[in-house]
Amino acid sequence: MNYFCDVHIQSRKDEEKRIFIVLSNENISDNELPNLTKDILIENSQYKDFTLKYKPKIVVAEYNVYSTEEEIFASSQDEVFINLIENEKVDFIGQSEINVDCAKDKNIKKRRKKKSSPALKFGITGGVIVLSVVAFGFGNVIGKSKSVIETEEVTNIVSSEDGMLIPEQADIAENAEQITISIDRSYLAVPTEDLQIKGEVNDGVAQITLPEFDKTDFFTHVSGYTWGFTSNPDRKKIDYYGGSTYNFSKDTKLYRVLVKYGGGSGTKDDPYLINYFDQLELMSEEKARGYFKQTEDIIFPYWSSHKPIDTINELKSDPQSEYFEYDGNGYTIQNLDSPLFGTVSGAVIKNVNIQNSFINTVEFKDYGFIACEVYNYRYETEDGKSYETGETLIQHCSVSHSAIYAEIPQDENATESVQVVTAPVVVPPDLVEYDEDGNIIEKTAEPEPIKIAKHGEYAVGAITGLGGQIENCYVTDFGVFAYLDDYFLYVGGISGKPANVLNSAVYYFSAQGNIFNAGGIAGSGSGAKMYNPTGKELPDCYGGNIQGCLARNIIFATETSAGGIVGESSTNAESAVISNCYTKELDFKVGIYEEDKLVKSGYSGGICGTDGKENNGHKVMNTVSPAEMKLIGNKKISEYDDTVRLAPDYAFYQENILTVLNKNTIIPDNPKEIYTGNFMFGDSSVFGDESGSLSFPSEITDLFEKTYVEENSDE
């Protein structure tokens, strides 16, 4: 006999879904029947999709249990189960209900390490993905995970006191040696006995899991701070973290201590620890400086709103006190509704992975998910000395399954009624005309066409909007949708207008709306400028180099230019190059359209859309571009040499493409600068399509797994 459940899951926000779950009858005695449990429910792939999409606090699952003699599988389509029920090929067993507190389940999962699924695929979640599916047709399996982590038992929480989630204690034999941990609770307003937690001694130590602090407890949690334990009542640092297991060799008394962020002191050797969303908000409030390290995945609750972190190096008397570094440590940040950082200078941001995040804005400004604006400031001191913050380094970061919407919400109930009135024309008597009855024919003025100047400004990208030395970054499934009255001047898959971009890739990127120039990697390759402390541009211009990069599956609808690597080339910097790059699968619609008719053409190119107004052109070298497009759509001052290849589609899958992409690039105007590409091939399931493998920079290989969503499986 086979068993399954017909489950109706619903959140408090009225989102609902019907799912079917096959129940295993293994290890069930003759007098028992399989039944749905909470553990079975929350491990179901469709349940996970539901919670990932709607992010509910509470899920109510009402279910019926059926038995059938027909063969059924966990992978069977819903129609199979529906037909069995409708055709009465089942026997009704019973019904019940399960309530799931998703916040508590999320906390439990953080303590449990789960085996990775061997199959990984693009995850499609959130509003933008509906649009992206139409544009790109995502969902194909493209990667495999090779890491397997041993499963750990979950510690059951049996009670909650004073904001502490107290773990269940194992039974200890009466004659067994044991160690007692006493947790002081004298901080309460009334006398309270110490909390006693005991553990059995083995090999001289007892493994004891300490209580975890409930960050959802409004009365005990301090936003941006973390409770922990210390064995010294005068110590202000955490020695023991809640929810962690430690070896104790003797009876110990612990005291509760509250620290900023998740712990640490903000130095290079002891960075501040970040493990919860409100700690990022505290960083924003304090315009944080120092060293920070993320220690867990962070998921913003649906009700929260992030304020971008501004962190400016002011080059005070002690330069090290002004240093800033944020190390995402390979963990993810999800559900951001605004950029992680706003205005940044003199910083290092590395190993940050943004996923499933959507910016909806009506504000016209620079935008990037890692940072909006990255500035390099120059300061002049009273004694005539000059200091620079230096360009901010953004390394090994990724943005995936995310989008930026810049549009004014439409009020569906609003109506607009405009009456056009034209005044009669006053004409000399000799020009008066009469009709056949002798009446004067009144003439009205032909309204002159109104010429509206289109204002374009600001830059938008997945990693940064403006500025930044960007290295080893990866962007996939990213969209920019711009429908404000003004135009964004530059939009890029990595950055709108960066200083330099090295060894980075963009895979699936769509940009459309009021945009002048867009590029698969950068909207503009003009480089960066220096600024004084008041934000005024200085004449210094540098950068403009894009090397070792690739852009694939790029869809643009822009007005002026579109390029596979950059929308607008040329720069005021000297010796800027685009080298060791390639583009593939480009779909560009460039120009001004009225009622779907092209009235003014724009420029598009496989590498560059058009040269801008700067003084110097780019040198394009050791680069591969699709044969069906011009390399540079509107070439005025940029140039390329015979190391560049226009390639048919099949050539991108051949090993000899690496002889172009990995060739040494020596900048003619500065022979001491040598860049060598580091492209490699993986199997087609890692970075390719039905036609085969495609090459990618070796530095970003591990970012592929960070940007994939685990394929849920009931196996």
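The values are calculated or read from the model by the stated rules, or taken from the named source; none is laboratory data. Note that the structure is predicted; figures quoted are calculated from it, not measured. Virtual Cβ from ideal backbone geometry, glycine too; neighbours counted across all protein chains shown. For accessibility, only protein heavy atoms count, side chains too; no ligands or nucleic acids. Shrake-Rupley method; radii C 1.70, N 1.55, O 1.52, S 1.80 Å.
So the values come out like this:
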| item | result |
| --- | --- |
| Filtered residue count, segment 229-238, keeping only those that are under 32 Å from the mean Cα position of the chain (by Cα) and loosely packed, with under 13 Cβ neighbours inside 10 Å | 0 |
| Residue list for segment 72-90, restricted to those being within 18 Å of GLU62 (Cα to Cα) and surrounded by fewer than 16 Cβ atoms within 10 Å (Cβ to Cβ) | ASP78, ILE82 |
| Residue, most open to solvent (accessible area, probe 1.4 Å), within segment 682-692, restricted to residues that are assigned to a strand (DSSP E or B) and more than 13 Å from LEU550 (Cβ to Cβ) | ASP689 |
| Residue match in segment 13-25 (condition: modelled with pLDDT of 80 or more, closer than 25 Å to LEU336 by Cα and out of contact with any Cys (no Cβ under 6 Å at 6 or more places or on another chain)) | yes |
| Filtered residues of segment 357-398 (kept if open to solvent by less than 10 Å² (accessible area, probe 1.4 Å), closer than 23 Å to LYS293 by Cα and within 17 Å of the chain's Cα centre (by Cα)) | SER357, GLY368, PHE369, ILE370, ALA371, CYS372, ILE394, CYS397, SER398 |
| Residue among THR209, THR220, THR252 that is farther than 30 Å from CYS102 by Cβ and either modelled with pLDDT under 95 or among the polar types (S, T, N, Q) (or both) | THR252 |
| Pair list, Cβ under 8 Å, 6 or more apart: segment 178-191 residue of a type in the set (A, V, I, L, M, F, W, C) and at pLDDT 60 or above, other residue surrounded by 12 or more Cβ atoms within 10 Å (Cβ to Cβ) and in a loop (DSSP other than H, G, I, E, B) | ILE179/VAL201; ILE179/ASP251; ILE181/LEU210; ILE181/ASP251; ILE183/ASP194; ILE183/LEU210; ILE183/PRO211; LEU188/ASP162 |
| Residue within segment 624-634 that is touching a helix residue (DSSP H, G or I) at 6+ places or on another chain (Cβ under 7 Å), β-branched (Val, Ile, Thr), under 30 Å from THR560 (Cα atoms) and open to solvent by less than 70 Å² (accessible area, probe 1.4 Å) present | yes |
| Filter result for the condition that a residue is touching a residue at least 24 places away in the same chain (Cβ under 8 Å) and of a type outside the set (A, V, I, L, M, F, W, C), over GLY384, GLY368 | GLY368 |
| Qualifying residues in segment 35-50 (those that are more than 14 Å from PHE20 (Cβ to Cβ) and part of a loop (DSSP other than H, G, I, E, B)) - the one modelled with the lowest pLDDT | GLU43 |
| Number of positions in segment 268-296 that are assigned to a loop (DSSP other than H, G, I, E, B) and either closer than 15 Å to LYS215 by Cα or of a type in the set (Ser, Thr, Tyr) (or both) | 4 |
| Filter pass, LEU258 being surrounded by fewer than 21 Cβ atoms within 10 Å (Cβ to Cβ) and free of Cβ contacts under 8 Å to residues at least 60 places away in the same chain | yes |
| Filtered residue count, segment 546-594, keeping only those that are buried (at least 24 other Cβ atoms within 10 Å of the Cβ), over 21 Å from ASN670 (Cβ atoms) and of a type in the set (Gly, Ala, Ser) | 6 |
| Unmet criterion (only one of (1) in a loop (DSSP other than H, G, I, E, B); (2) touching a residue at least 60 places away in the same chain (Cβ under 8 Å); (3) of a type outside the set (A, V, I, L, M, F, W, C)) for GLY264 | (2) |
| Looking only at segment 206-223, and only at residues there that are open to solvent by 50 Å² or more (accessible area, probe 1.4 Å) and either of a type in the set (A, V, I, L, M) or in contact (Cβ under 8 Å) with a residue 40 or more places away in the chain (or both), the one that is farthest from GLU177 (Cα to Cα) | SER223 |
| Residue in segment 646-653 that is at pLDDT 95 or above, assigned to a strand (DSSP E or B) and either open to solvent by 60 Å² or more (accessible area, probe 1.4 Å) or not small (Gly, Ala, Ser) (or both) present | yes |
| Odd one out for THR226 among (1) open to solvent by 50 Å² or more (accessible area, probe 1.4 Å); (2) within 30 Å of ASN313 (Cα to Cα); (3) assigned to a strand (DSSP E or B) | (1) |
| Residue match in segment 342-355 (condition: charged (D, E, K, R) and in contact with a Gly (Cβ under 9 Å, 6 or more places away or on another chain)) | yes |
| For SER345: the one exception among (1) surrounded by 21 or more Cβ atoms within 10 Å (Cβ to Cβ); (2) under 21 Å from ASP269 (Cβ atoms); (3) touching a residue at least 40 places away in the same chain (Cβ under 8 Å); (4) polar (S, T, N, Q) | (2) |
| Entirely in segment 516-567, the strands (runs of 3 or more DSSP E) that have 1 or more residues that are without any contact (Cβ under 8 Å) to a residue 12 or more places away in the chain | 537-542 |
| Residue check for TYR241: buried (at least 17 other Cβ atoms within 10 Å of the Cβ) and modelled with pLDDT of 95 or more | no |
| Residue ID - surrounded by the most Cβ atoms within 10 Å (Cβ to Cβ), chosen from residues in segment 656-681 that are hydrophobic (A, V, I, L, M, F, W, C) and in contact (Cβ under 8 Å) with a residue 24 or more places away in the chain | LEU661 |
| Meets criteria (in contact with a Leu (Cβ under 6 Å, 6 or more places away or on another chain) and either at pLDDT below 95 or polar (S, T, N, Q) (or both)) for SER357 | yes |
